[in-house]
Amino acid sequence: MDNKKNGIPKLRFPGFTGAWEQRKLGETSKITAGGDVDKEKLLPYGKFPVIANALTNDGIVGYYNDDYRITAPAVTVTGRGEIGKAKSRKINFTPVVRLLAVESKHNVDFLAEAINRSRVVFESTGVPQLTVPKLSNYRILFPNSVDEETKIGNFLQQFDTLIALHQRKLEHLQEQKKGLLQKMFPKNGETVPEVRFPGFTDAWEQRKISDIFTIMRGQVLATTDTSEIRTKEMCFPVYSSQTKNDGLMGYYNKYLFDTAITWTTDGANAGTVNYRKGKFYSTNVNGVLLSNEGYVSKAVAEILNTVAWRYVSRVGNPKLMNNVMAGIVISIPSSFKEQDKISELLTDFDCLIALHQRKLEHLELMKKGLLQQMFV
């Protein structure tokens, strides 16, 4: 028997039994529509956040110092764009610009997740919009015990706090690397970096990309070849222009290059440079830099990545083509030993960042799996 169909979650805290009850959200909560922003009172910093219908920056567009409409705890729900995204709010706030606020005696962390999981779809003849009446008709399954709802909500809050902690650690490492690169590479007009390894004193040298690299392009994968790409490892990684997963599309039984530097030639990520170690296949949206003289290194790739974006053409579809890349001049260490030292450090740093990224993704997957069992 499928307990979920009978209103019983698969995973529960000890001591709780019985089916959950379905109720319309409007029967248990007060729902308020956001109004206009009072621009005269809006401040960049203040006591009470003003929250709009957006997902970036938690939707916060500013603050009021002496006024708010909604008393926390409460839940906000987006009414336009990515409709139906709910978030618990623990500080008094003012909703604006198509944002809906839900005030309720229910645990707000539980309620926000329950709304997010409802995935209500509705028809609209104009611009899709979630209104107070529509949100009021959302049917939510609630535990028959307030204590169970509270335990679930507290658990979600603790899990989200843990995820946020790992997110901050990851962002801190990324900022550390960014600051490190600024000190380890010479500033514009200078020939030596602010920070370098002991024993290296020579000035860095200016080199044109076409003088130190052979410039090539990845190849188009035929439709039949694309269908053969695996998400699990076959032999050789296939890289595209995407930023997710470092551009890795999957794996293939052929390779085109053996240790090289790639850059994205077309699209939103044009100018993004990566060091690729080992044998790999690259699609045609990547340019490829090859060298038998030691210039293919993590250090040179990172140096190029800091300047390549300046040469991207923004006329129409962003582009950084081979002929433009060929003319770029970069400043690099005159010693391959110094290049190697920098490469080793940056590789270690990237491994640490990747480790924290995997931890964060693991926590998010754990939460997703638990929620599927803890909610009906």
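The values are calculated or read from the model by the stated rules, or taken from the named source; none is laboratory data. In this text the structure is predicted, and so the values were computed from the model without any measurement. With ideal geometry, Cβ positions are generated from the backbone for all residues, glycine too; neighbour counts draw on all protein chains shown. Just so you know, the surface numbers come from the protein's heavy atoms only, side chains and all, with ligands and any DNA or RNA stripped out. Shrake-Rupley method; radii C 1.70, N 1.55, O 1.52, S 1.80 Å.
The slack between Val315 and Asp258, meaning 0.36 nm per residue of separation minus the straight C-alpha distance, is 17.2 nm. Rolling a 1.4 Å probe over the protein heavy atoms of the chain, with every protein chain left in place, gives an accessible area that is 51 percent carbon and sulfur. With only Cα atoms counted, region 39-124 has Rg and Dmax values of 12.9, 40 Å. Apply the a/c threshold of 1.5 to the C-alpha gyration tensor of region 169-226 and tell me whether it is rounded, prolate or oblate. Oblate, because a/c is 1.5 or more while a/b does not exceed b/c. Specify which labelled value, from (1) 21.4, 78; (2) 26.6, 75; (3) 22.7, 70, agrees with Rg and Dmax of the Cα atoms in Å derived from the coordinates of the model shown. Recomputing Rg and Dmax of the Cα atoms in Å here picks out (2). Based on the convex hull around the alpha carbon atoms, region 264-372 presents an average projected area of 9.6 nm². Label positions at Glu190 and Lys277, each projected 7 Å from the Cα along the C-beta direction, are separated by 2.9 nm. Report the net charge of residues surrounding Lys178, where surrounding means a beta-carbon distance below 13 angstrom and charges are Lys +1, Arg +1, Asp -1, Glu -1. Overall, the nearby charge balance is -2. Given the C-alpha centroids of region 11-37 and region 175-193, what is the distance between them in whole angstrom? Using only Cα atoms to place each centre, the spacing works out to 52 Å. Taking 25 Å as the straight-line reach from the Cα of Lys367, the lysines in range (excluding those fewer than 8 positions away in the same chain) are Lys4, Lys5, Lys10, Lys85, Lys87, Lys90, Lys105, Lys151, Lys169, Lys232, Lys244, Lys359. Adding -39500 (n - 2.57) for every DSSP H run of four residues or longer, then dividing by how many residues the chain holds, sets the calculated 222 nm ellipticity at -10000 deg cm²/dmol. Taking 0.36 nm per residue of sequence separation and removing the Cα-Cα distance, the Gln373/Thr201 pair yields an extension gain of 55.9 nm. Dividing the convex hull volume of the alpha-carbon atoms in region 176-326 by its residue count gives 140 Å³ per residue.
Taken about its Cα centre, the chain carries a charge dipole of roughly 760 debye when the Cβ of each Lys and Arg holds +1 and the Cβ of each Asp and Glu holds -1. The convex hull built on the alpha-carbon positions of region 50-177 has an orientation-averaged projected area of 9.7 nm².
For the chain, the relative contact order works out to 15 percent when only alpha carbon pairs closer than 8 Å and six or more residues apart are counted.
The residues of region 284-376 have, on average, 50 Å² of accessible surface per residue, using a 1.4 Å probe with all protein chains present.
Site-free segments of the chain were taken between GluC sites (Glu not before Pro) in DSSP loops having at most 12 other Cβ atoms within 10 Å, sites themselves excluded; the longest one is 294-376. Which parts of region 164-194 would a label at His362 reach, counting a residue when its backbone N lies under 15 Å from a point 7 Å out along Cα-to-Cβ? Label zone hits: 166-167, 170.
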